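Written out below as structure tokens is the structure these notes cover.
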Amino acid sequence: MSSELLYLSNADIQRLQISPREAREAVLACFRDHSIGRNIGLPKSFISIGPDSWLLSMTAASQIKGIATTKTVTIVPVQKNQDRPRVNGLVVVCDYQTGVPISVLDGNSITLLRTAATSAAAACYLAPDKPATIGMIGCGLQALSHLDAFVDLFPSLRRAYLISRSEESAKRVATAAYEKRLEPIITADPDALLSKSEVVISAVPSSPGLQSFLNARSLPRASFASAVDGGRSWRSETLTAFDRVVTDSLAQSSSPVDASESPVKTVNYEEDLAQLTSNSRRRSGPIRALFGFRGFVISDLALAELAIRKARALGIGMVLAR
């Protein structure tokens, strides 16, 4: 790694054109390394910085990759007159041997890539073979990123069912699905969406007064749900309908959360992605599988290393003086 401080903006990371396959394989490789102690990642730490506002910090290091990373994220509600993301972050990368900072990356871009790649990595082990239908609960940026990741992973997909509080967002994801040769179907009925979706992505943001509304019992017997929202949109009493309940890191999360962000009492996570990638076990016959997660730093480590490596090769980014 170079000792120069390389800054990669959101636009720079988009110019890298990191493919869903590259992102997925980087995440899988990093979690396999994690399972045998070749890297380390610590659970998130949280500081409240105001009403419904948080500062998050995550650290990881890999001697094999030659880097150590720190990701900081702020979550602050957006007022009606403000034009900014609710979630903002940066990833700082240091050389593993010297400790010298070598790169700063836009955390929002890395988060979009790593979240969808993490969902897809879990789907490699938990999803039905050759699913034809995908359901999106929430049609924000994560829906678009997950659509890219899952169309790449499953070329068999033919239809996309969409639910969103925003008609404009639903139409934007519908257009993206159509461009990928999927038939988009916008609906307001969550049970109808679940009953027809072999793959489901729930990405419902937290909000005051949110009520969980998804019934896991409505899913097909062979189905995979990735709860990017940690499970807050799923009715807790129905989670026992899942045959396997998996997360990205058991050290960070022991169970899904409810709409109030409290751990649910109906189920606990049985295994995590490191265990899944190192010792996959598939039940014979159809299963319902839940992958509930809030994002573990090992995925950020994987995408940061990939982004820096591609940026160096392509000459993308700005070199800053220290």
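The values are calculated or read from the model by the stated rules, or taken from the named source; none is laboratory data. Note that the structure is predicted; figures quoted are calculated from it, not measured. All Cβ positions, even for glycine, are placed from backbone atoms using ideal geometry, and neighbour counts span all protein chains on display. What goes into the accessible areas is simple: the full protein's heavy atoms, side chains included, and nothing from ligands, DNA or RNA. Shrake-Rupley method; radii C 1.70, N 1.55, O 1.52, S 1.80 Å.
What length, rounded to one decimal in nm, is gained on full extension from residue 156 through to residue 207, with 0.36 nm per residue of separation minus their alpha-carbon distance?
Stretched fully, the residue 156-residue 207 segment lengthens by 14.9 nm.
At q = 0.07 Å⁻¹, what is the log10 ratio I(q)/I(0) for the chain, with the Debye formula run over Cα points and no solvent?
Debye output, listed in q order: -0.26.
Measure up 65/310; 71/171; 44/71 against 21 Å on the Cα-Cα distance and list the ones that go over.
Listed pairs above 21 Å: 71/171.
Using the Cα centre as the reference, give the magnitude of the dipole from point charges on the C-beta atoms of the chain (Lys, Arg: +1; Asp, Glu: -1; all else neutral), rounded to the nearest 20 debye.
400
As an exercise, use a Förster radius of 35 Å and the Cβ-Cβ distance of residue 265 and residue 83 to find the FRET efficiency, rounded to the nearest 0.05.
Working from the Cβ atoms, E equals 0.30.
In the range 100-221, how does Rg compare with the Kirkwood Rh, expressed as the Rg/Rh ratio over alpha carbon atoms?
Taking Rh as the inverse mean 1/r over Cα pairs, Rg/Rh reads 1.00.
Mind jotting down the distance between the C-alpha centroids of the range 185-253 and the range 77-106, whole Å?
Answer, in whole Å: 29.
What percentage of the solvent-accessible surface of the chain, computed with a 1.4 Å probe over protein heavy atoms, is contributed by carbon and sulfur atoms?
52
Rounded to the nearest 20 Debye, what is the dipole magnitude of the range 54-197 about its Cα centre when Lys and Arg each give +1 and Asp and Glu each give -1 at the C-beta?
Once rounded to the nearest 20, the dipole reads 60 debye.
I want to check the label-to-label distance for residue 15 and residue 90. Put each point 7 Å from Cα in the C-beta direction and report it in nm to one decimal.
Spacing of the two 7 Å Cα→Cβ label points: 2.0 nm.
Multiply the residue gap between residue 72 and residue 38 by 0.36 nm, knock off their C-alpha separation, and tell me the result in nm, one decimal place.
Extra length available between residue 72 and residue 38 comes to 9.9 nm.
Give the accessible surface of the chain per residue, rounded to a whole number of Å², with probe radius 1.4 Å and ligands, DNA and RNA excluded.
Result: 45 Å² per residue.
In nm, what is the difference between 0.36 nm times the number of residues separating residue 287 and residue 64 and their Cα-Cα distance?
76.7 nm
Which angle from 0 to 90°, rounded to the nearest 10, does the C-alpha axis of helix 141-153 make with the longest principal axis of the chain?
It works out to around 80 degrees.
Using a Förster distance of 56 angstrom, determine the FRET efficiency expected from the C-beta separation of residue 318 and residue 191, and round it to 0.05.
0.70
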